[in-house]
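Comments concern the structure below.
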Amino acid sequence: MTITTHATIIDGKAIAANLRKKIAGQVAALKEMFKLTPGLAVIIVGEDPASQVYVKNKGLAVTEAGMQSFQYTLPATTTQQELIAKIELLNSDPKVHGILVQLPLPKHIDEKVVINTVSPAKDVDGFHIENVGKLVTGQKDALVSCTPVGCIMLIKEVLGDISGKNAVVVGRSNIVGKPVAHLLLQENATVTIAHSRTTNLHEICQQADILVAAVGIPQLVKASWVKPGAVVIDVGINRVTLSDGATKLVGDVAFDEVFEVAGAITPVPGGVGPMTIACLLTNTLKAACTQHGIKVPAIS
Ligand code: NAD
């Protein structure tokens, strides 16, 4: 008799929905007790259709949680100076507790300068150099990048304590790979960061109890790379064209085959993606509380 096992699918959509419900409860309590409504401002420059969808979804989630949503769509011809002036206005607007500048920005604008213009206290994307420094040095008041926080929540949902586990993060971007690695380190995992110049990538991945793929290459991670029983978090979102010309979203992990080997795996879509938006709400709530000297409620 052959016994076949396969992975548990980590339902990011359901976990995120639960988190959003808890956040909405905390927002209602803030309004009731402190007359405070957290506000998130999102700025989009240009008309990139994917960015517009992301921004629209973020706005809907913010409103649904009972927060105030402010959206600013600026033309693609906006100068860096004009964008900075807008951010500075929002930095000093007391109704706005979080500011997010949707990336990518048009080529003539320096993203680094823009990111570091956002007040660190309102930097709900966690990209400001001050928040990155706080993350790396383990300071609890850091606003941390949303996708990495979402990944850790999903991992902990499956494993609970991850202390001492071998974690491999494939990808070293400032937005996902590096912050995920730092958060795993904070949870006392033993962390390896792999990237485009890593040799023997598959052998390194085979050591992982926790494997996070944040690469942007469709279905890069194969079943033979995965240790049986490992928890696999697929951050990748790649649109691929099928033989019939239709398109579909796939991750950085070859889901169908890895599903047969892993202990738990996130689907794409419906895994990490929904957590990103939920964690943006958490960060906005945290920013609003901190700015008003209110104890930040524990939500997880
Ligand atoms: P990025 O392009 O900034 O970084 C990709 C990283 O992958 C780099 O550090 C690079 O060194 C590494 N890499 C490239 N080729 C490699 C290879 N052959 N082997 C090993 N490593 C390699 O991308 P990013 O912003 O970190 O995003 C990664 C993926 O995650 C993308 O598909 C993106 O769309 C997705 N993403 C999803 C969410 C979400 O909410 N689910 C959020 C952010 C990004």
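Which of the cysteines in the chain are isolated, no other cysteine C-beta under 4.7 Å?
Cys151, Cys205, Cys289, each lacking another Cys Cβ under 4.7 Å.
If I take R0 = 22 Å and measure r between the Cβ atoms of Lys13 and Ile294 in this structure, what FRET efficiency does the formula 1/(1 + (r/R0)^6) give, to the nearest 0.05?
Efficiency computed from Cβ-Cβ geometry: 0.15.
Test of understanding: express the Cα radius of gyration of the stretch 145-274 as a ratio to 2.2 N^0.38 Å, with N the residue count.
Dividing the Cα radius of gyration by 2.2 N^0.38 Å gives 0.98.
When Rg is the radius of gyration of the Cα atoms in the stretch 26-81 and Rh is its Kirkwood radius, what does Rg/Rh come to?
Answer for the stretch 26-81: 1.12.
To check you understand DSSP bridge types, tell me what percent of the beta bridges within the chain (both residues inside) are antiparallel, rounded to 5.
About 10 percent, rounded to the nearest 5.
For the pairs Lys31/Lys112; Lys13/Lys35; Lys13/Lys86; Lys178/Lys286, note any where the Cα-Cα span goes beyond 26 Å.
Result: Lys31/Lys112; Lys13/Lys35; Lys13/Lys86 exceed 26 Å.
How large is the Kirkwood hydrodynamic radius of the chain, in angstrom, based on all distinct alpha carbon pairs?
Taking every pair of different Cα atoms in the chain, averaging 1/r and inverting gives 20.0 Å.
Could you state the number of Å between the C-alpha centres of the stretch 40-118 and the stretch 151-171?
Value for the Cα centre distance between the two parts: 31 Å.
For the stretch 71-229, what number results from the quotient of the Cα radius of gyration and 2.2 N^0.38 Å?
Expressed relative to 2.2 N^0.38 Å, the Cα Rg reads 1.20.
Trypsin sites (Lys or Arg not before Pro), restricted to the stretch 75-117: which are DSSP loop and have at most 11 other Cβ atoms within 10 Å?
Lys95, Lys107
With a ≥ b ≥ c taken as the square roots of the eigenvalues of the C-alpha gyration tensor of the stretch 32-119, please select rounded if a/c is under 1.5 and otherwise prolate if a/b is larger than b/c or oblate if it is not?
oblate
How far, in nm, would the chain grow between Lys95 and Leu249 when pulled straight, counting 0.36 nm per residue and subtracting the alpha carbon separation?
Between Lys95 and Leu249, full extension yields an extra 51.8 nm.
GluC sites (Glu not before Pro), restricted to the stretch 199-295: which are DSSP loop and have at most 15 other Cβ atoms within 10 Å?
Answer in residue order: Glu260.
What angle do you read, to the nearest 10 degrees and between 0 and 90, between the alpha-carbon axis of helix 12-34 and the longest principal axis of the chain?
Around 30 degrees separate the two axes.
Extension gain Ala76-Thr190, at 0.36 nm per residue separation less the Cα-Cα distance, in nm?
Difference between extended and current length: 36.7 nm.
Between His202 and Glu32, what is the spin-label point distance in nm, taking each point 7 Å from the Cα along the Cα→C-beta axis?
Simple spin-label model gives 5.7 nm for this pair.
Can you sort Asp125, Asp161, Asp141 by solvent-accessible area, 1.4 Å probe, largest first?
Most to least solvent-accessible, the answer reads Asp161, Asp141, Asp125.
Provide Arg172, Arg197 ordered by accessible surface of protein heavy atoms (probe 1.4 Å), highest first.
Descending accessible area places them as Arg197, Arg172.
Provide the solvent-accessible area of Leu185, counting protein heavy atoms only and rolling a 1.4 Å probe, rounded to the nearest 10 Å².
About 100 Å², ignoring ligands and nucleic acids.
The values are calculated or read from the model by the stated rules, or taken from the named source; none is laboratory data. For clarity, every value in this text was computed on a predicted model and none was experimentally measured. A quick note on method: Cβ atoms are made from the backbone with ideal geometry, for glycine too, and the neighbour counts reach across all protein chains shown. Side chains are part of the model used for accessible areas, which takes the heavy atoms of the whole protein and leaves out ligands, DNA and RNA. Shrake-Rupley method; radii C 1.70, N 1.55, O 1.52, S 1.80 Å.
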